[in-house]
Amino acid sequence: MTGSTTIRTAAEVAREHADEAERGRRLPAATVAALADAGAFTLCLPEAYGGAGGGPLAMIDAVAEIAAGDASAGWCAGIASTTSSLAIFLEPSVASSVFVSPQVATGGVFAPNGRGVVDGDHVRVTGRWQWGSGTQHCDWIVGGAMCDDGTQRICFFRPDAIEFHDTWHVGGMRGTGSLDFSVDDAAVPLDHTIRVGLDQPMVDDPIARFPNFTLLALGIAATGVGNARRALDELRDLAIGKTPQFSSKTLAQSGLRRPSSLVPRRDGARRGHSCAPRSGRRGMRRSPADRSTSMPGSPCAWRQRTRRASAWPSPPPPTSWRAARPCTTRRGSDDACATRTS
């Protein structure tokens, strides 16, 4: 069961601490606690292990709402939730020990940047991975490795086996904490690894029939959707409250137009645009719709140019036969550019 915090409340907490996340280059403890309590790190965890069972659509909605509060928090929620879906490939007893509650956060990198040597019932892994989003607040961290038995494995590491590298110095999304991390000869039980392409789902859950990397893409896309919604909200608030200099109207009032004027017509023009000749309208102030007819790319302007071109007189005939007759001499000869005189 998740805590008393809802996704909406978690999004509000993330928004309140967004600046702190940017400064610290990782999610603040308050944001992590709110997301964990809301179950935002295990949106794709199978119901058999305490997950909500909402599926990909529920994850999209939740991540987008969180990202509207803080894009970095939404990104980390999507990454962690996608990672939680890996529970379907673990032995049930192992999955239950990893995901002891829906508040558990997991993350990491699937790419097989590590190298593993199978040693009895363990595999010893050494490697370094980039883009470890949210790994600094994770309870378990995964990393891909190519092993000497010919398998590619996703290994679950405890945080105490991880070394974090301060590499995340970027211009935006700093709060994701997407730094490098590495392990050196870390011993991982084989039952805490997943053989890519070989191990099959151990539980019957709808999430098991959904491609894992498609799930990852949905989480990333949902972050963009939430971030865009926030941008539109900010723009709306700015337009409602800001009055430009030398104007008595706010930006919102100045920009009001009938929606129908923005709907394209079949001929490519916008409703409200007139292609009629401008004769008889001298001295009148041109409306925005009229001004658009003179825009170089508008259909109206193209038709007006066509009419003007058709009214031009035909070019005069050539002054002499010699000037009009083309050169038929083979290219490359000495007199290639000579004009024929007979």
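The values are calculated or read from the model by the stated rules, or taken from the named source; none is laboratory data. These numbers come from a predicted model, not from an experiment. Backbone-built Cβ (ideal geometry, glycine too); neighbour counts: all protein chains shown. Calculation scope for accessible area: heavy atoms of the full protein, side chains included, ligands and nucleic acids excluded. Shrake-Rupley method; radii C 1.70, N 1.55, O 1.52, S 1.80 Å.
Tabulated results
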read-out	value
Gain upon complete extension [ASP160, ARG23; 0.36 nm per residue less C-alpha separation]	46.8 nm
Karplus (6.51, -1.76, 1.60) ³J(HN,Hα), θ = phi - 60°, over the stretch 156-168, in Hz, Gly and Pro reported as x	9, 10, 7, x, 6, 8, 9, 10, 8, 10, 6, 10, 8
The stretch 200-251, accessible area per residue, ligands and nucleic acids excluded (1.4 Å, Å²)	70
1.4 Å probe accessible area per residue over the stretch 1-150, in Å²	39
Tensor-based shape of the stretch 135-227 (alpha-carbon gyration tensor, a/c under 1.5 rounded, otherwise prolate or oblate)	oblate
5 angstrom amide H check on SER178, placed H, neighbours 5+ away	GLY134
Per-residue ³J(HN,Hα) for the stretch 229-246, Karplus 6.51 cos²θ - 1.76 cosθ + 1.60, θ = phi - 60°, Hz, x for Gly and Pro	4, 4, 4, 5, 4, 5, 5, 4, 4, 5, 5, 6, x, 9, 10, x, 4, 6
Apportionment of accessible area to carbon and sulfur, the stretch 1-132, percent (1.4 Å)	53
Modelled FRET efficiency - R0 35 Å, SER101 with ARG8, Cβ distances, 0.05 increments	0.95
Rounded accessible area of ILE207 (nearest 10 Å², 1.4 Å probe)	10
Amide H contacts under 5 Å for VAL142, placed H, 5+ residues apart	GLY107, GLY108, VAL109, PHE157
From phi via Karplus (6.51, -1.76, 1.60), per-residue ³J(HN,Hα) for the stretch 209-217 in Hz, x at Gly/Pro	9, 10, x, 5, 6, 5, 4, 4, 4
Theoretical gain in end-to-end length, ALA231 to VAL203 [0.36 nm per residue, Cα-Cα removed]	6.0 nm
Modelled FRET efficiency - R0 22 Å, ARG195 with ARG128, Cβ distances, 0.05 increments	0.50
Heavy-atom SASA rank of MET202, MET173 (probe 1.4 Å, accessible area, largest first)	MET202, MET173
Difference of contour (0.36 nm per residue) and Cα-Cα distance, PHE246 to ALA187	14.2 nm
